Amino acid sequence: MKKQFYFFGLILLATITRAQVGINTDNPKSTLDINGDLTIRTVANVETINPDHSFLIRDNSVAGDGAIKEVSSNYLSQRNTAYYATRTGNWSLLNLNLGGGWQKLSLTGTSDTKLGNPAIFNNGVYTATKPGIYMVNYEIQFESGVNVELLGGKKLGLLKNNSLWEEKSFDGVRLAILFLEIASIPVTSSSIQSIVELNTGDSLTFALNSNGLLDLGLLTNAKVNLYVYRISH
(Lines give C-alpha, C1' and ligand atoms only; values in the text may rest on other atoms or scores of the structure.)
Protein backbone atom coordinates (compact mmCIF):
# COMPACT_ATOMS: atom_id res chain seq x y z
CA MET A 1 0.00 0.00 0.00
CA LYS A 2 2.84 2.38 0.86
CA LYS A 3 4.56 1.57 -2.43
CA GLN A 4 1.39 2.48 -4.35
CA PHE A 5 1.11 5.74 -2.43
CA TYR A 6 4.70 6.66 -3.24
CA PHE A 7 4.16 5.73 -6.89
CA PHE A 8 1.07 7.93 -7.28
CA GLY A 9 2.83 10.70 -5.31
CA LEU A 10 5.71 10.70 -7.77
CA ILE A 11 3.28 10.86 -10.70
CA LEU A 12 1.47 13.82 -9.09
CA LEU A 13 4.76 15.62 -8.38
CA ALA A 14 5.93 15.16 -11.97
CA THR A 15 2.61 16.51 -13.25
CA ILE A 16 2.84 19.60 -11.03
CA THR A 17 6.48 20.17 -12.02
CA ARG A 18 5.61 20.14 -15.72
CA ALA A 19 2.36 22.08 -15.39
CA GLN A 20 1.80 25.56 -16.80
CA VAL A 21 0.84 27.98 -14.06
CA GLY A 22 -1.46 30.90 -14.83
CA ILE A 23 -2.04 33.98 -12.67
CA ASN A 24 -5.30 35.80 -13.53
CA THR A 25 -5.74 33.48 -16.53
CA ASP A 26 -7.38 30.09 -16.99
CA ASN A 27 -5.45 29.38 -20.18
CA PRO A 28 -1.68 29.72 -19.49
CA LYS A 29 0.52 29.72 -22.58
CA SER A 30 3.87 29.16 -20.87
CA THR A 31 5.39 27.69 -17.70
CA LEU A 32 4.38 30.89 -15.88
CA ASP A 33 1.73 33.08 -17.52
CA ILE A 34 0.95 36.33 -15.70
CA ASN A 35 -2.07 38.33 -16.83
CA GLY A 36 -1.28 41.51 -14.91
CA ASP A 37 1.56 43.60 -13.48
CA LEU A 38 4.88 42.31 -12.18
CA THR A 39 6.83 44.21 -9.51
CA ILE A 40 10.45 43.49 -8.59
CA ARG A 41 11.59 45.39 -5.53
CA THR A 42 15.34 44.82 -5.48
CA VAL A 43 17.85 43.93 -8.22
CA ALA A 44 21.65 44.01 -8.44
CA ASN A 45 23.12 47.11 -10.10
CA VAL A 46 25.49 46.69 -13.08
CA GLU A 47 27.95 49.50 -13.83
CA THR A 48 29.03 48.33 -17.30
CA ILE A 49 27.56 46.11 -20.01
CA ASN A 50 29.53 43.25 -21.57
CA PRO A 51 28.68 40.37 -23.95
CA ASP A 52 27.73 38.16 -21.00
CA HIS A 53 24.71 40.39 -20.28
CA SER A 54 21.32 40.27 -21.97
CA PHE A 55 18.00 42.12 -21.87
CA LEU A 56 14.44 40.89 -21.48
CA ILE A 57 11.80 42.20 -23.86
CA ARG A 58 8.10 41.51 -24.40
CA ASP A 59 7.00 40.19 -27.78
CA ASN A 60 3.70 41.96 -28.54
CA SER A 61 3.29 40.39 -31.98
CA VAL A 62 0.36 38.06 -32.63
CA ALA A 63 2.69 35.08 -32.69
CA GLY A 64 4.60 36.27 -29.61
CA ASP A 65 1.44 36.78 -27.54
CA GLY A 66 3.25 38.88 -24.94
CA ALA A 67 5.98 36.31 -24.25
CA ILE A 68 9.17 37.50 -22.52
CA LYS A 69 12.27 36.92 -24.67
CA GLU A 70 16.01 37.47 -24.31
CA VAL A 71 18.12 39.83 -26.43
CA SER A 72 21.93 39.85 -26.35
CA SER A 73 23.55 43.11 -25.22
CA ASN A 74 25.64 42.94 -28.42
CA TYR A 75 22.52 43.98 -30.32
CA LEU A 76 22.51 47.37 -28.58
CA SER A 77 26.27 47.85 -28.53
CA GLN A 78 27.89 50.03 -31.20
CA ARG A 79 31.44 49.17 -30.12
CA ASN A 80 31.75 46.16 -32.43
CA THR A 81 31.04 48.39 -35.45
CA ALA A 82 33.30 51.37 -34.58
CA TYR A 83 36.42 51.66 -36.70
CA TYR A 84 39.16 54.29 -36.95
CA ALA A 85 42.28 54.27 -39.13
CA THR A 86 44.94 56.85 -39.92
CA ARG A 87 48.27 57.16 -41.70
CA THR A 88 50.63 60.08 -42.32
CA GLY A 89 52.30 59.79 -45.71
CA ASN A 90 53.69 56.66 -47.36
CA TRP A 91 50.36 55.58 -48.79
CA SER A 92 49.39 54.99 -52.38
CA LEU A 93 46.37 54.63 -54.65
CA LEU A 94 45.04 51.34 -56.00
CA ASN A 95 43.07 51.03 -59.22
CA LEU A 96 39.33 50.45 -58.69
CA ASN A 97 38.68 49.54 -62.33
CA LEU A 98 35.60 51.77 -62.24
CA GLY A 99 36.83 54.39 -64.71
CA GLY A 100 36.61 58.13 -64.25
CA GLY A 101 39.89 58.33 -62.36
CA TRP A 102 38.67 56.79 -59.07
CA GLN A 103 41.26 54.92 -57.03
CA LYS A 104 41.06 53.47 -53.52
CA LEU A 105 43.53 54.14 -50.72
CA SER A 106 46.19 51.58 -49.84
CA LEU A 107 45.41 51.88 -46.12
CA THR A 108 44.76 48.52 -44.50
CA GLY A 109 43.54 47.25 -41.15
CA THR A 110 46.72 45.33 -40.41
CA SER A 111 48.95 48.39 -40.06
CA ASP A 112 46.72 51.47 -39.92
CA THR A 113 43.96 50.56 -37.44
CA LYS A 114 43.80 52.74 -34.31
CA LEU A 115 40.44 51.49 -33.02
CA GLY A 116 38.26 48.55 -34.00
CA ASN A 117 38.63 45.22 -35.74
CA PRO A 118 41.46 45.27 -38.34
CA ALA A 119 39.83 42.39 -40.23
CA ILE A 120 36.93 44.56 -41.43
CA PHE A 121 39.18 47.06 -43.28
CA ASN A 122 41.46 46.14 -46.17
CA ASN A 123 43.00 48.32 -48.90
CA GLY A 124 40.68 51.22 -48.26
CA VAL A 125 37.52 49.10 -48.01
CA TYR A 126 35.39 48.83 -44.85
CA THR A 127 33.00 45.85 -44.63
CA ALA A 128 29.93 46.14 -42.39
CA THR A 129 29.47 43.37 -39.83
CA LYS A 130 25.97 44.47 -38.76
CA PRO A 131 23.03 46.11 -40.53
CA GLY A 132 22.18 49.69 -39.58
CA ILE A 133 22.69 53.40 -40.19
CA TYR A 134 26.37 54.43 -40.13
CA MET A 135 28.20 57.71 -39.63
CA VAL A 136 31.28 58.11 -41.84
CA ASN A 137 34.12 60.63 -41.84
CA TYR A 138 36.95 60.75 -44.40
CA GLU A 139 39.63 63.46 -44.31
CA ILE A 140 42.94 64.29 -45.96
CA GLN A 141 45.18 66.84 -44.20
CA PHE A 142 48.21 68.57 -45.74
CA GLU A 143 51.17 69.52 -43.56
CA SER A 144 51.33 72.86 -45.33
CA GLY A 145 48.85 74.49 -47.66
CA VAL A 146 48.68 73.36 -51.29
CA ASN A 147 47.74 75.82 -54.01
CA VAL A 148 44.20 75.12 -55.18
CA GLU A 149 45.25 75.22 -58.84
CA LEU A 150 47.37 72.10 -58.29
CA LEU A 151 44.36 70.24 -56.91
CA GLY A 152 41.69 71.64 -59.21
CA GLY A 153 39.12 69.01 -60.16
CA LYS A 154 40.51 66.42 -57.74
CA LYS A 155 37.99 64.79 -55.39
CA LEU A 156 37.55 62.61 -52.36
CA GLY A 157 35.01 59.84 -52.91
CA LEU A 158 32.99 57.47 -50.77
CA LEU A 159 31.65 54.43 -52.61
CA LYS A 160 28.98 52.04 -51.33
CA ASN A 161 29.28 48.60 -52.91
CA ASN A 162 31.45 50.16 -55.66
CA SER A 163 28.82 52.79 -56.54
CA LEU A 164 29.58 56.45 -55.83
CA TRP A 165 27.76 57.53 -52.67
CA GLU A 166 29.38 60.89 -51.90
CA GLU A 167 32.11 63.05 -53.36
CA LYS A 168 33.88 66.25 -52.33
CA SER A 169 36.17 68.42 -54.43
CA PHE A 170 39.38 69.87 -53.04
CA ASP A 171 38.78 73.58 -52.74
CA GLY A 172 40.29 76.80 -51.53
CA VAL A 173 39.06 80.24 -50.52
CA ARG A 174 39.55 82.90 -53.19
CA LEU A 175 39.76 86.63 -52.37
CA ALA A 176 38.44 89.08 -54.92
CA ILE A 177 37.78 92.84 -55.22
CA LEU A 178 35.26 94.04 -57.82
CA PHE A 179 35.21 90.54 -59.34
CA LEU A 180 38.99 90.63 -59.78
CA GLU A 181 40.65 87.69 -58.07
CA ILE A 182 43.68 88.78 -56.05
CA ALA A 183 44.60 85.69 -54.03
CA SER A 184 43.85 82.05 -53.25
CA ILE A 185 44.20 80.71 -49.73
CA PRO A 186 45.99 77.35 -49.98
CA VAL A 187 44.10 74.13 -49.23
CA THR A 188 45.04 72.59 -45.89
CA SER A 189 42.46 69.77 -45.76
CA SER A 190 39.38 68.32 -47.37
CA SER A 191 36.83 65.95 -45.88
CA ILE A 192 33.57 64.06 -46.37
CA GLN A 193 31.03 63.52 -43.61
CA SER A 194 28.10 61.31 -44.51
CA ILE A 195 25.41 58.98 -43.19
CA VAL A 196 24.76 55.72 -45.02
CA GLU A 197 22.60 52.63 -44.51
CA LEU A 198 24.49 49.34 -44.69
CA ASN A 199 23.52 45.69 -44.54
CA THR A 200 25.82 42.97 -43.27
CA GLY A 201 28.53 42.45 -45.88
CA ASP A 202 28.06 45.82 -47.60
CA SER A 203 31.27 47.71 -48.36
CA LEU A 204 32.41 51.32 -48.08
CA THR A 205 35.40 52.25 -50.23
CA PHE A 206 37.48 55.32 -49.39
CA ALA A 207 38.64 56.60 -52.76
CA LEU A 208 40.30 59.55 -54.44
CA ASN A 209 40.04 60.94 -57.94
CA SER A 210 43.53 62.07 -58.94
CA ASN A 211 42.85 62.26 -62.68
CA GLY A 212 45.43 64.51 -64.34
CA LEU A 213 47.43 65.24 -61.17
CA LEU A 214 51.10 65.59 -62.15
CA ASP A 215 52.59 65.45 -58.66
CA LEU A 216 50.87 62.57 -56.86
CA GLY A 217 53.21 63.12 -53.91
CA LEU A 218 51.10 66.16 -52.96
CA LEU A 219 48.43 63.69 -51.88
CA THR A 220 50.33 60.58 -50.81
CA ASN A 221 52.50 62.59 -48.42
CA ALA A 222 49.42 63.92 -46.65
CA LYS A 223 47.72 62.53 -43.54
CA VAL A 224 44.58 60.42 -43.95
CA ASN A 225 41.98 60.01 -41.19
CA LEU A 226 38.82 57.94 -41.49
CA TYR A 227 36.26 56.52 -39.11
CA VAL A 228 33.02 54.57 -39.36
CA TYR A 229 30.52 53.70 -36.64
CA ARG A 230 26.89 52.58 -36.44
CA ILE A 231 24.47 55.13 -34.98
CA SER A 232 21.22 53.12 -35.16
CA HIS A 233 19.87 49.72 -36.13
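The values are calculated or read from the model by the stated rules, or taken from the named source; none is laboratory data. This is a predicted model, so every value here is computed, not measured. Cβ sites come from the backbone with ideal geometry, for glycine too, and all protein chains shown count toward neighbours.
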Unique match (being farther than 30 Å from H233 by Cα and without any contact (Cβ under 8 Å) to a residue 12 or more places away in the chain) among N97, N90: N97
Set N221, N137: member being at pLDDT below 95, within 17 Å of T86 (Cα to Cα), assigned by TED's automatic domain parsing to the domain that holds G101 and of a type outside the set (G, A, S): N221
